Amino acid sequence: MTETILVELTVFVLSVFVGFEVISKVPSMLHTPLMSATNAIHGIVVVGAMLVAGAAIGGTTGSVIGAAAMVLAAINVVGGFAVTGRMLQMFKSKPESK
Amino acid sequence: MSGLDTGLALAYLLTGILFILGLKFLSSPAHARTGNTLAAIGMLIAVAATCLDRHIVTWPIIVIGGIVGALIGFFSARVVKMTAMPQMVALFNGAGGGAAALVASGEFLKVSGIGTASATDLVPIVLSVIIGSISFAGSLIAFAKLQELMPGRPLTYPGQQVVNGLIGLSVVALAVYLSLGNLDPRAFVGLVCAAALLGILAVLPIGGADMPVVISLLNSFTGVAVAVTGFVLSNTVLIISGTLVGASGTLLTMLMAKAMNRSITNVLFGAFGSVQSAAGGPAVTSSGGTVRTASTEDVATLLAYSRSVIIAPGYGMAVAQAQHAVRELSANLEKRGVDVKFAIHPVAGRMPGHMNVLLAEANVPYSQLHEMDEINPQFEQADVALIIGANDVTNPAARNVPSSPIYGMPILDVDKAQHVVVLKRSMNPGFAGIDNPLYENPKTMMLFGDAKATVSALAAAVPTA
């Protein structure tokens with residue numbers, strides 16, 4: 001048990017450094033798409049929602065919680081990636097038309 | 001560890017790698033779309049792998065809930081206007097925070113069923129519920145403010161800090177009580193409500209130009225909530241991804257706050273714009289006849305016979321959907337040999353990069369967009385500074401009126417140009433609710449009207465070479 005927590009803490013701390021490192025070089029014009037993309041990435045909570053919704057624990061209350069978690073997480077993932085995609089589409093292939 | 005578990009762990013590792021690479025690619029305009037695709041593939045792998053998890057014994061809720069959520073997310077992302085993007089991000093962010101809190105609630109239900117739980121189980125559950133609920137409720141308020149379902153200005157009342165402090169204390173008290181092994185459902189529900197209330201009350205007094213900072217902060221909050229949920233479920237992919245978002249979101253928030261010369265604590269507790277400049281402020285503009293108005297023809301002629309024009313767009317351009325008209329005006333001027341540049345203030349609009357996104361949509365080339373530090377020295381050589389729906393980011397009070405709430409915020413030096421033309425809907429003050437002495441400057445001309453209509457009229461009125 002303690003060992004698991006230590007491994008998880010290690011992963012956590014290293015991820016903090018990676019998070020800071022990866023972002024530090026983004027030009028400000030990409031800040032909005034970037035915020036939107038990180039917003040989509042935390043939609044990974046859908047994995048947790050699946051585990052809770054699929055566990056069939058806690059009777060009706062459990063099912064309601066699982067269903068609500070699934071809906072919200074799916075909104076986050078799909079909406080997040082779709083909005084980011086739309087934003088980035090505008091940055092693609094600038095026709096240098098004058 | 002069975003073969004299946006190993007496969008699952010490896011799939012999650014792959015997801016983590018794809019997320020990190022995705023964020024890396026998102027750092028450059030040329031590869032940003034690849035970055036988004038990589039991250040989406042990572043997400044797909046994680047979801048597919050989780051389907052094989054042997055802890056999942058029932059499918060209907062997952063499938064139905066997933067399809068319903070995916071449809072809502074997809075269609076709202078499709079139909080939303082580019083100008084409404086910030087509040088959409090806030091809404092999706094709130095959904096993520098809510099999901100994290102719900103997952104932790106599900107786990108609480110599970111340990112309650114067992115009857116006992118150790119602090120190592122309970123502390124992450126409690127933390128996840130607190131942070132997730134704050135993020136959920138706070139994001140909904142941010143959405144309501146930006147969607148103008150409620151006043152966008154800061155809402156304050158006497159004793160606000162004390163009330164917030166008391167609710168904060170009750171959150172801490174309930175959290176400690178639950179973490180000590182008291183599996184009391186009423187205390188748990190109380191904790192969820194108190195944390196959500198805290199989220200609402202924390203965002204209510206924030207308004208004005210601080211809104212983008214808050215959305216970014218809430219985004220990183222949700223990231224942390226997801227990471228803690230990862231500890232609850234002992235799931236590394238949640239820990240990695242949540243932490244990535246938490247860390248990068250915090251950095252982004254600090255960059256934004258820095259651009260406005262404000263600290264995070266000031267943003268959260270300063271109630272931006274609620275302290276109207278009492279004494280020593282400039283004469284009240286609404287009363288004065290000191291403002292010079294101009295006609296479309298005057299401005300079109302002025303622009304057409306200039307050598308260089310710098311356009312400073314703001315939220316007004318976004319609201320009026322004027323970006324295509326602006327592009328047309330700039331193209332017509334360039335045909336006449338006028339040098340046109342765009343000055344982008346880091347917090348113009350409602351999100352950092354908001355103006356860039358809109359101008360990119362209208363096919364304005366990157367090379368014409370200039371960031372504040374780069375463009376400011378060039379205003380002195382410019383014949384005309386054309387301000388389209390920007391207010392607070394051009395307010396000289398930030399430079400020389402210490403009593404102004406935005407004193408110290410870096411601004412675009414539009415008043416250094418030979419002529420200043422301000423396109424504005426009315427004489428109303430900006431989002432932050434502060435008067436702008438720029439409008440009384442003798443070299444300033446005001447052109448009132450809807451930004452899109454005015455700019456289209458200007459573009460048409462510019463004589464062709």
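Looking at B:GLY7, B:GLY66, B:GLY96, which is the one that is small (Gly, Ala, Ser), out of contact with any Pro (no Cβ under 6 Å at 6 or more places or on another chain) and buried (at least 24 other Cβ atoms within 10 Å of the Cβ)?
Step by step, each of B:GLY7, B:GLY66, B:GLY96 is checked, and only B:GLY96 is small (Gly, Ala, Ser), out of contact with any Pro (no Cβ under 6 Å at 6 or more places or on another chain) and buried (at least 24 other Cβ atoms within 10 Å of the Cβ).
Of the residues making up region B:368-392, those that are more than 14 Å from chain A (Cβ to nearest Cβ) and of a type in the set (S, T, N, Q) are B:ASN376, B:GLN378, B:GLN381, B:ASN391. Scanning region B:248-268 for residues that are facing chain A (nearest Cβ under 7 Å) and open to solvent by 10 Å² or more (accessible area, probe 1.4 Å) turns up just one, B:LEU251.
Residue-by-condition table, conditions (1) closer than 13 Å to B:PHE108 by Cβ; (2) among the basic types (Lys, Arg); (3) assigned to a loop (DSSP other than H, G, I, E, B):
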{"position": "B:GLU148", "(1), (2), (3)": "no, no, yes"}
{"position": "B:ARG153", "(1), (2), (3)": "no, yes, yes"}
{"position": "B:TYR157", "(1), (2), (3)": "no, no, yes"}
{"position": "B:GLY165", "(1), (2), (3)": "no, no, no"}
{"position": "B:VAL176", "(1), (2), (3)": "no, no, no"}
{"position": "B:LEU197", "(1), (2), (3)": "no, no, no"}
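Taking the stated definitions as given, is B:THR156 surrounded by fewer than 17 Cβ atoms within 10 Å (Cβ to Cβ) and closer than 22 Å to A:GLY58 by Cβ? Considered against the rule, which asks whether it is surrounded by fewer than 17 Cβ atoms within 10 Å (Cβ to Cβ) and closer than 22 Å to A:GLY58 by Cβ, B:THR156 comes out as no. Before we move on, is B:ALA117 buried (at least 18 other Cβ atoms within 10 Å of the Cβ), not in a helix (DSSP H, G or I) and not charged (D, E, K, R)? So B:ALA117 fits the description; yes.
If you take the residues of region B:304-324 that are of a type in the set (A, V, I, L, M) and closer than 23 Å to B:GLU371 by Cβ, which of them is most open to solvent (accessible area, probe 1.4 Å)? Give the steps one after another, and end with the answer.
First, the residues of region B:304-324 that are of a type in the set (A, V, I, L, M): B:304, B:309-312, B:317-320, B:322.
Among the residues that remain, those that are also closer than 23 Å to B:GLU371 by Cβ are: B:309-312, B:317-319, B:322.
On the way: B:VAL309: 1, B:ILE310: 6, B:ILE311: 1, B:ALA312: 1, B:MET317: 0, B:ALA318: 0, B:VAL319: 71, B:ALA322: 0 Å².
That would be B:VAL319.
Here B:GLU374 meets each of (1) surrounded by fewer than 20 Cβ atoms within 10 Å (Cβ to Cβ); (2) touching a residue at least 12 places away in the same chain (Cβ under 8 Å) with one exception, condition (2).
Give me a count of the residues in region B:385-395 that are open to solvent by 10 Å² or more (accessible area, probe 1.4 Å) and either outside the structural domain of B:VAL309 (by TED's automatic domain parsing) or under 20 Å from B:ASP373 (Cβ atoms) (or both). Adding up the residues that qualify gives 2. Scanning for something in a helix (DSSP H, G or I), within 7 Å of chain B (Cβ to nearest Cβ), out of contact with any Gly (no Cβ under 6 Å at 6 or more places or on another chain) and under 15 Å from B:VAL47 (Cβ atoms), does region A:50-59 turn up at least one residue? Within region A:50-59, one or more residues are in a helix (DSSP H, G or I), within 7 Å of chain B (Cβ to nearest Cβ), out of contact with any Gly (no Cβ under 6 Å at 6 or more places or on another chain) and under 15 Å from B:VAL47 (Cβ atoms). Name the single residue, out of those in region A:1-35 being at the interface with chain B (Cβ under 7 Å from one of its Cβ atoms) and of a type in the set (Ser, Thr, Tyr), that is surrounded by the most Cβ atoms within 10 Å (Cβ to Cβ). For region A:1-35, the residue satisfying everything is A:THR32.
Filtering region B:23-48 to residues that are facing another protein chain (nearest Cβ under 7 Å) and closer than 14 Å to B:SER241 by Cβ leaves B:LEU23, B:ALA39, B:ALA40, B:MET43, B:ALA46, B:VAL47.
When region B:69-93 is filtered for residues that are closer than 22 Å to B:PHE221 by Cα and either of a type in the set (S, T, N, Q) or open to solvent by 30 Å² or more (accessible area, probe 1.4 Å) (or both), the ones remaining, listed by number, are B:GLN87, B:LEU91, B:ASN93.
In region B:179-236, the residue that is least open to solvent (accessible area, probe 1.4 Å) out of those that are without any contact (Cβ under 8 Å) to a residue 12 or more places away in the chain and within 14 Å of chain A (Cβ to nearest Cβ) is B:SER234.
Given the conditions (1) in contact (Cβ under 8 Å) with a residue 40 or more places away in the chain; (2) under 24 Å from B:GLU371 (Cα atoms); (3) open to solvent by less than 50 Å² (accessible area, probe 1.4 Å), report the number of the one that B:VAL422 does not fulfil. Only one criterion is unmet by B:VAL422, namely (1).
Taking region B:343-367 as the range and being buried (at least 24 other Cβ atoms within 10 Å of the Cβ), more than 7 Å from chain A (Cβ to nearest Cβ) and not in a loop (DSSP other than H, G, I, E, B) as the test, the residues that pass are B:ALA343, B:ILE344, B:MET355, B:LEU358, B:LEU359.
The single condition among (1) farther than 17 Å from A:THR84 by Cβ; (2) in a helix (DSSP H, G or I); (3) facing another protein chain (nearest Cβ under 7 Å) that B:TYR12 does not satisfy is (3). Residues in region A:36-73 that are of a type in the set (S, T, N, Q) and buried (at least 24 other Cβ atoms within 10 Å of the Cβ): A:SER36, A:THR38, A:ASN39. Based on this model, can you work out whether B:SER128 counts as open to solvent by 10 Å² or more (accessible area, probe 1.4 Å), more than 7 Å from chain A (Cβ to nearest Cβ) and in a helix (DSSP H, G or I)? Here the answer is no, as B:SER128 does not meet what is asked.
Looking only at residues in region B:445-465 that are of a type in the set (S, T, N, Q) and under 31 Å from the mean Cα position of the chain (by Cα), which one is least open to solvent (accessible area, probe 1.4 Å)?
So in region B:445-465, the residues of a type in the set (S, T, N, Q) come out as B:454, B:456, B:464.
The next check asks that each one be under 31 Å from the mean Cα position of the chain (by Cα); those that pass are B:454, B:456.
Numbers: B:THR454: 14, B:SER456: 46 Å².
Of everything passing the filter in region B:445-465, B:THR454 is least open to solvent (accessible area, probe 1.4 Å).
Would you mind stating whether B:LEU244 is surrounded by 23 or more Cβ atoms within 10 Å (Cβ to Cβ) and modelled with pLDDT of 90 or more? The answer is yes for B:LEU244.
The values are calculated or read from the model by the stated rules, or taken from the named source; none is laboratory data. None of these values were measured; they are calculated from a predicted model. Neighbour counts run over all protein chains shown; Cβ positions are idealised from the backbone, glycine included. To get the accessible areas, we keep the full protein, side chains included, count just its heavy atoms, and leave off ligands, DNA and RNA. Shrake-Rupley method; radii C 1.70, N 1.55, O 1.52, S 1.80 Å.
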